Amino acid sequence: MGTLSLTKAGRLFWLGRYTERVYTSLKESKGIYDKMVDGEEADYASYCAALGIPNDYTSTADFCKQYLANRSSPCSLVSVLGYAYDNAIVLRETIGTETFSYIQLACNAMEQAISGDYPELELQGVLDDIMAFRGSAEYSLMDETSRTILRTGANVEYLSLALRLKHPKEECRAECERLLNRLYKIPLAADENRRNRLIDHALDETKPDLERLVMLDCVEHLFPEV
């Protein structure tokens, strides 16, 4: 595992989480934005409840604006992308200048989306730049451990969102398997009890909501040191 420090490993993990959060959240909230464009009200309250974020919004239009662009909210996507940037700039020597540049491009696209009247194109640019970041990281990161930590962070974030938003159980199971297969390849200590509960992660057909909550707790607190 080389000389990768716990601090650097933690930053790689959270870089993976934050970029995945922006990417998946943009895709998951698109339906709400589409309703706003059509002049309809959407059930953004349920979305907020599922993600565990405060519902401080007054309308669908307010949600679409504030969830995207409210810099004072740690839950807004511009804030989350900013957290990704903060980790990426510290990791610049580790991930490489070209890989870092895609995070910068994603931030630029987000700024254009916030300031423009028609943000659809710029938001697609954010998605494209995050995908380019992932591809560049896979190609440029020579250290396999660093690549795996980055993937693990994205893995944890996606599984957390999938459980919260009640994606199909087969998808959650498959994502959980990918996560478990990576635990032995990274220098981050996993909580043994939660790891073992994930190994026995089959969703209970009679109590699916309860089982999802159990899995979510295990996923969110799997790495207590980061």
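Rule-based calculations on the coordinates, nothing more; no lab input. As the structure is a computational prediction, the values presented were derived from the model and not from experiment. Cβ atoms come from the backbone with ideal geometry, glycine included; neighbour counts cover every protein chain shown.
Filtering the stretch 38-71 to residues that are among the polar types (S, T, N, Q), part of a loop (DSSP other than H, G, I, E, B) and more than 19 Å from the chain's Cα centre (by Cα) leaves ASN55, THR58, SER59.
Which one of these is closer than 27 Å to ALA88 by Cα and surrounded by fewer than 17 Cβ atoms within 10 Å (Cβ to Cβ): LEU216, LEU180? Before the answer, list the steps.
Details: LEU216 fails: surrounded by fewer than 17 Cβ atoms within 10 Å (Cβ to Cβ).
Of the residues listed, the single one that is closer than 27 Å to ALA88 by Cα and surrounded by fewer than 17 Cβ atoms within 10 Å (Cβ to Cβ) is LEU180.
Please indicate, with yes or no, whether at least one residue in the stretch 100-118 is farther than 20 Å from LEU15 by Cβ and in contact with a Phe, Trp or Tyr (Cβ under 9 Å, 6 or more places away or on another chain). Spell out how you get there, then give the answer.
Let us first name the residues in the stretch 100-118 that are farther than 20 Å from LEU15 by Cβ, namely 112-118.
From the residues that got through so far, the ones that are in contact with a Phe, Trp or Tyr (Cβ under 9 Å, 6 or more places away or on another chain) too are none.
Checked against the condition, which is being farther than 20 Å from LEU15 by Cβ and in contact with a Phe, Trp or Tyr (Cβ under 9 Å, 6 or more places away or on another chain), the stretch 100-118 yields no hits at all.
Just wondering, is there one or more residues in the stretch 150-158 that are in contact (Cβ under 8 Å) with a residue 12 or more places away in the chain, surrounded by 14 or more Cβ atoms within 10 Å (Cβ to Cβ), among the basic types (Lys, Arg) and on the phi < 0 side of the Ramachandran plot? Explain how you work it out, then say what you get.
Here is the first cut: in the stretch 150-158, the ones in contact (Cβ under 8 Å) with a residue 12 or more places away in the chain are 150-158.
Imposing the further condition that a residue be surrounded by 14 or more Cβ atoms within 10 Å (Cβ to Cβ) reduces the set to 150-158.
Among the residues that remain, those that are also among the basic types (Lys, Arg) are: 151.
Subsequent filtering for residues that are on the phi < 0 side of the Ramachandran plot retains 151.
There is at least one residue in the stretch 150-158 that is in contact (Cβ under 8 Å) with a residue 12 or more places away in the chain, surrounded by 14 or more Cβ atoms within 10 Å (Cβ to Cβ), among the basic types (Lys, Arg) and on the phi < 0 side of the Ramachandran plot.
Answer yes or no as to whether LYS35 is touching a Ser or Thr at 6+ places or on another chain (Cβ under 8 Å) and either part of a helix (DSSP H, G or I) or touching a residue at least 40 places away in the same chain (Cβ under 8 Å) (or both). Answer is yes for this residue. One residue is enough: does the stretch 75-98 have a residue meeting the conditions in a loop (DSSP other than H, G, I, E, B), free of Cβ contacts under 8 Å to residues at least 60 places away in the same chain and farther than 17 Å from SER140 by Cα? Within the stretch 75-98, one or more residues are in a loop (DSSP other than H, G, I, E, B), free of Cβ contacts under 8 Å to residues at least 60 places away in the same chain and farther than 17 Å from SER140 by Cα.
Select, from ARG164, ARG212, ARG173, ARG194, the only residue that is charged (D, E, K, R), under 30 Å from SER5 (Cβ atoms) and out of contact with any strand residue (DSSP E or B) (no Cβ under 6 Å at 6 or more places or on another chain). Show your work before the answer.
Numbers: ARG164 fails: under 30 Å from SER5 (Cβ atoms); ARG212 fails: under 30 Å from SER5 (Cβ atoms); ARG173 fails: under 30 Å from SER5 (Cβ atoms).
The conditions single out ARG194.
Just one of the listed residues (TYR67, TYR139) is surrounded by fewer than 18 Cβ atoms within 10 Å (Cβ to Cβ) and of a type in the set (Phe, Trp, Tyr), and it is TYR139.
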